[in-house]
1. Could you give me the residue pairs with C-beta distances under 6 Å whose first residue belongs to region 136-159 and is in contact (Cβ under 8 Å) with a residue 12 or more places away in the chain, whose second residue is not in a helix (DSSP H, G or I) wherever it lies, and which are 6+ apart or on separate chains?
2. Take region 187-203 and flag every residue that is over 16 Å from the mean Cα position of the chain (by Cα) and either charged (D, E, K, R) or open to solvent by 10 Å² or more (accessible area, probe 1.4 Å) (or both).
3. Restricting attention to region 41-50, does a residue exist that is at pLDDT 95 or above and open to solvent by 30 Å² or more (accessible area, probe 1.4 Å)?
4. Given the conditions (1) open to solvent by less than 60 Å² (accessible area, probe 1.4 Å); (2) at pLDDT below 80, which single one is not true for residue 153?
Amino acid sequence: MEREFAKHEHLIARWLIFTVGIIIMSFGIALMIKARLGSAPWDVLHVGLQHQFGLTVGTWSIIIGIGIIAVSSWMERRMPQAGSVVNMLVVGVFIDLFLWMLSTPDSYILRLLMLLAGIIVIGWGIGTYIAPGCGAGPRDSLMLALQKRTGWKVSRVRGLMEVLVLIIGWVLGGPVFIGTILFSFGIGQVVGFTLPQCEKMVNRLLGRGGTHENIDERSLRTYDYDGTG
């Protein structure tokens, strides 16, 4: 009985950390958007869709996420992973909440600092939600499904996805600027630093040894980024 209780407690703790990580990442995404100096590729798409068709950025994040999960599940011939669904819903809800709470500074310097803070916060959020090993988000799931179908390297598949999404978002009027470049070239480095730190923290909290990198049973790369960007 005690062992079973401890197992459930451990599972709850993992999912709680996973959810906190997604909320942190959502805050970083909102910081980048509110800085108005360019957003990550997926956020460029979501903001562009908002400009053209209304609804909120978070709502578009959820709508696109549902479509991605459906395509990934069809390609993989399996039901959606719980981590993908939780990721999609929590990110969408909290992006809208944080966008409502935040305002854009008048000073360009403050906007730049806000942008840089957003990238760093996203990096910590990614590290925190990955560390418990609760599975891939929607876009990572699609990336892996496409990689299996094409046989291409993960980096090539993800790169093509990001470029295509960025072009569509830009055509729709999404915010492409210096922040987009800084994010694209910098997020891998940030996550490369934050992920090991977050894994150590999570291992201490959960009382387990070693690391637990898991995106649906494969090793995680530091350039993986899901969320909405």
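1. Correct list of pairs: 136/215; 136/216; 137/226; 139/226; 140/215; 140/224; 140/226.
2. Matches in region 187-203: 193, 196, 197, 199, 200, 201, 203.
3. So far as region 41-50 goes, yes, one or more of its residues are at pLDDT 95 or above and open to solvent by 30 Å² or more (accessible area, probe 1.4 Å).
4. Among (1) open to solvent by less than 60 Å² (accessible area, probe 1.4 Å); (2) at pLDDT below 80, residue 153 violates only (1).
The values are calculated or read from the model by the stated rules, or taken from the named source; none is laboratory data. Note that the coordinates shown come from a computational prediction; the quantities given were computed from them, not determined experimentally. No Cβ is skipped: glycine too gets one built from the backbone with ideal geometry, and neighbour counts run over all protein chains shown. For the accessible areas, the whole protein counts, side chains as well, though only heavy atoms, and no ligand, DNA or RNA atoms are used. Shrake-Rupley method; radii C 1.70, N 1.55, O 1.52, S 1.80 Å.
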